[in-house]
Amino acid sequence: MTSWRSNTGMRSGVPITPLGSDGRSFRGPRSGFPSSLFTKRNVLIALIIFSFLMIIVIGQSSDSEQIEEEQGLEATVQVSMVRAGLPKVIIEVIDSTVVLTGIVETKELEEAAIRIALAQPGVISVENMLKVPAPVNQVTTTTTPDLPANQADLLLQTRLSAAGASSGIQFQSGGDILTLESIPTLERLAYFLSNEKEIKVQILGHTDSDEKCTGDNLILSQRRAEAVRAQLLARGVEAERLISTGMGHTDPIADNLSKSGKAANRRIEFLLITEGQEGIPSPPQLETAGAC
């Protein structure tokens, strides 16, 4: 049963309030309290969901960039292997580690493949899973047969590429001045050529695709190739054994859309010139290079 009482402590005209069975008066809910709590809870839930979605998006973006970098590095190393005469070496990149699989004919070629992989920008380590077939001991004579000419040339090209790729040839940005980091590689190349006095080498300069005027890259690549030739001449290599050629950006080994791809394309290559060959000709644009 509900009873009523007047609020005697207040002025007349104030409405009386109902009493409950325990003698206490009823009070209505606070104005706006439930809706305010509901609004705050919705905002908190929305913030949590938004943060979760942002974490997913950032994670996916990071994964995509990593996959793209690994694929670019994989292609760069694979091309370097092919150019060094090691097309059977299969490349896989996992977290900046190059995994080498496949078959090579000798231990020397196996070591050359490892050096070439380690020399590429962005490679931290190499996991060697290459297989070298066991030698077949069927030769009963005491003399060692010479390798066929094409196999001997392939071995020389592989060794030459390995010597030139150990730590790479680097230049100051936009110019043809060699950096101090290039000295060990130049020393190795000079030593290799001093022991292989019958071979001729073509020094090929390459750039990325960035240039202010048409043909600038051809001029820069030619100057860089000549700078390397001058350093080898200073170390005792005979002038008639060295040819320098600028290729500009006409022969990329990676895309020119990313920093890693451009870095891979800026390079110096060393090509073995066998008897009767003249090497790779310069691109025809070199004659009109430098015009804006």
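Read the figures in this text as sums done on the coordinates, not as results from a lab. Because the structure is predicted, anything quoted here is derived from the model rather than measured. Note that we place each Cβ from the backbone using ideal geometry, even for glycine, and neighbour counts take in every protein chain shown.
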Assigned charges on the beta-carbon of Lys, Arg, Asp, Glu; the range 149-292 dipole about Cα centre (debye): 360
Ranked 53, 186, criterion: other C-beta atoms within 10 Å, fewest first: 53, 186
When only DSSP loop residues count, what trypsin sites (Lys or Arg not before Pro) in the range 179-214 have their Cβ near at most 12 other Cβ atoms within 10 Å? 197, 212
Please report 280, 243, 94 as a ranked list, fewest other C-beta atoms within 10 angstrom at the top and most at the bottom. 94, 280, 243
Sequence neighbours fewer than 8 away in the same chain don't count; with that in mind, list the lysines whose C-alpha is under 26 Å from residue 262. 88, 212
Among residues other than residue 262 whose Cβ falls under 9 Å from its Cβ, what is the net charge (Lys/Arg +1, Asp/Glu -1)? -1
Largest-first principal axis extents of the Cα set of the range 149-292 (Å): 44, 33, 27
